[in-house]
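I have placed the structure first, in the form of structure tokens, so that the comments after it can refer back to it.
The values are calculated or read from the model by the stated rules, or taken from the named source; none is laboratory data. Note that the structure is a prediction, hence the values are computed from the model and not measured. Note: ideal-geometry Cβ built from the backbone for every residue, glycine included; neighbour counts use all protein chains shown. We work out accessible area using only protein heavy atoms, side chains counted, and drop any ligands, DNA or RNA first. Shrake-Rupley method; radii C 1.70, N 1.55, O 1.52, S 1.80 Å.
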Amino acid sequence: LDASRSFEDALRVVQSAEPSVVASALKLYLKELTPAVLRCSSRAYAAFTASQSPSKLRDAVRLLPPHAHSTTKHLFGHLRRVADQSEENKMTPGNLGVCFGPTLCHGDDDLSSMDAHNAIVQGLVEHFDSVFAPEVDAFDAHFDALATGDTLDKDGFEALAYALGCFPAVDADAFADLPRRCEDGRVS
């Protein structure tokens, strides 16, 4: 594909190509990115190489700049779908790690860190759902649960409403240890 072609021309070429050709073109494109997608933040790369546990991978992904985070999320969503078909295509998370580790983590230490790079990609594929799970604000999650009536009983709702200043508690002594609000609404 070259820049002189229209989007429609490019789409026709990609749709008519063998999957291996499209994968090779994608890998070549990703390999030419400087810095590599998973190395564009030194803090994120250090976090990736420190541990492949789902929570540590999630923390590392959060350190990526927005453009790399978005690219990573979409790419690994696709690789997870590829791995889900591994019985047919033989592309297990480990095999995808071998194929994409050097591409997504390339740098000066390629040979000495190849196993680590492969493990990073394998971990992101294996744990895609937990690493890229939508982040839910705790406050929003709490009120979503309130709407379904699953979390707070009457006393819990009263305490929450009091803390938010919605209405005074029936038993004011029950909240004596909470900070008081000034007339202007500030907590004293």
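Taking each of K56/K90; K27/K73; K31/K56 in turn, the alpha-carbon distance tops 21 angstrom for K56/K90; K31/K56.
Accessible surface for the range 1-105, divided over its residues, is 61 Å² per residue with a 1.4 Å probe. Among the protein heavy atoms of the range 19-110, carbon and sulfur supply 57% of the accessible surface, probe 1.4 Å, non-protein parts ignored. For the range 62-128, the Cβ-based charge dipole about the Cα centre amounts to some 340 debye (Lys, Arg positive; Asp, Glu negative; other atoms uncharged).
When all alpha carbon pairs of the range 1-112 are counted in 10 Å bins from zero, the resulting P(r) reads 12, 40, 34, 13, 1 %.
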